[in-house]
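A short worksheet on the structure shown next.
FYI, it's all coordinate maths here, none of it is from the lab. Remember, predicted model here, so these are calculated numbers, not experimental data. With ideal geometry, Cβ positions are generated from the backbone for all residues, glycine too; neighbour counts draw on all protein chains shown.
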Amino acid sequence: DAGITQSPRHKVTETGTPVTLRCHQTENHRYMYWYRQDPGHGLRLIHYSYGVKDTDKGEVSDGYSVSRSKTEDFLLTLESATSSQTSVYFCATTGDNNQPQHFGDGTRLSIL
Amino acid sequence: RKEVEQDPGPFNVPEGATVAFNCTYSNSASQSFFWYRQDCRKEPKLLMSVYSSGNEDGRFTAQLNRASQYISLLIRDSKLSDSATYLCVVNIKSGGGADGLTFGKGTHLIIQP
């Protein structure tokens, strides 16, 4: 499997606080993705990146921002967390955007 | 039509039985198809790619029907360890946009002893 590390693995925080999730990959993959997964909704794309400093919005991007300053790291930031952002967040990477994506272990985020 | 649609199940199947489920997709120009497996509270993992001529990997067979726009997954001689959610994945976006693949919501399979 691709070397993908997500941190933190678990986080509990309060409404209104900023939160940053990190995805680190060692595969030199060009494409990186952030998803959230909630019961009844499946995986939903938040933001993605197709290169250093190249990012774009997915289907559920409101309330989230991303940054990719180097190939191996893709950061997801919740500027002011809300309870609706309680979810499991997955990072995925691939070298070709039509080929399979490989996922990190996920981050369980609870906003109280 | 939803972009990638799957029966959510659950499919309750006795151990040793054969089970099959389908997934329909909306874009007739889609070129890449995959099945992923996701265990409870774990990340999705690639199970197999789906090729135009159909392909097999041990007890698992994947098929593509372009005319009817669906892919299928068949599991023979099911094991307790096959219990999981199976995600259908397709590149829905025309022109191969950088936003990659579209995931179905998954079909939940429970193998019963």
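Could you tell me what percent of the DSSP beta bridges with both partners in chain B are antiparallel, to the nearest 5? Numbers along the way, then the final one.
On the way: 33 of 37 bridges.
Close to 90 percent.
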Orphan Cys of the protein assembly as shown, criterion: no other Cys C-beta under 4.7 Å
B:C40
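In peptide A:53-60, what is the residue-averaged number of other protein chain Cβ atoms found within 10 Å of each Cβ? Intermediate results must be reported in sequence, preceding the final value.
On the way: counts 0, 1, 1, 3, 1, 2, 2, 0.
Going residue by residue through A:53-60 and averaging, the value is 1.
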Considering only Cα-Cα distances, which of the following residue pairs are longer than 24 Å: A:K70/B:K42; A:K11/A:K53; B:K42/B:K105; B:K45/B:K79; A:K53/B:K45?
A:K70/B:K42; A:K11/A:K53; A:K53/B:K45
Between B:E3 and A:E14, what FRET efficiency follows from the Cβ-Cβ distance if R0 is 35 Å, with the result rounded to 0.05?
0.50
Using just the Cα positions, wrap segment A:1-51 in a convex hull and report its mean projected area in square nanometres, one decimal place.
4.9 nm²
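How big is the Kirkwood radius of chain B, worked out from every pair of different alpha carbons and given in Å to one decimal?
On the way: mean 1/r = 0.0704 Å⁻¹.
Here the Kirkwood hydrodynamic radius works out to 14.2 Å.
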Simple spin-label estimate for B:E56/A:D105, 7 Å along Cα→Cβ, in nm, reads 3.7 nm
If the only charges are +1 at each Lys and Arg Cβ and -1 at each Asp and Glu Cβ, what is the size of the charge dipole of chain B around the Cα centre, to the nearest 20 debye?
160 debye
List, largest first, the extents of the alpha carbons of segment A:47-91 along their principal axes, each in whole Å.
31, 18, 18
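Give me the number: length gained by fully extending A:S67 to A:E27, i.e. 0.36 nm times residue separation minus the C-alpha to C-alpha distance, one decimal in nm. Present the calculation step by step, with values, prior to reporting the outcome.
On the way: separation 40, 0.36 × 40 = 14.40 nm, distance 1.83 nm.
Length gained between A:S67 and A:E27: 12.6 nm.
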Debye log10 I(q)/I(0) for chain A, one point scatterer per Cα, at q = 0.10 Å⁻¹:
-0.25
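Remind me, relative contact order of chain B in percent, using alpha carbon pairs under 8 angstrom and six or more residues apart?
Values: 277 pairs, mean separation 42.3, N = 113.
That works out to 37 percent.
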I need the peptides A:75-87, B:33-45, B:79-91 ranked by packing, meaning the mean over residues of other C-beta atoms within 10 angstrom, with the highest value on top.
B:79-91, B:33-45, A:75-87
In debye to the nearest 20, the charge dipole size for the protein assembly as shown, taken about the Cα centre with +1 at each Lys and Arg Cβ and -1 at each Asp and Glu Cβ, equals 100 debye
Taking every residue in A:35-48, how many Cβ atoms of other protein chains lie within 10 Å of its Cβ, on average?
3
Apply the a/c threshold of 1.5 to the C-alpha gyration tensor of the protein assembly as shown and tell me whether it is rounded, prolate or oblate.
prolate
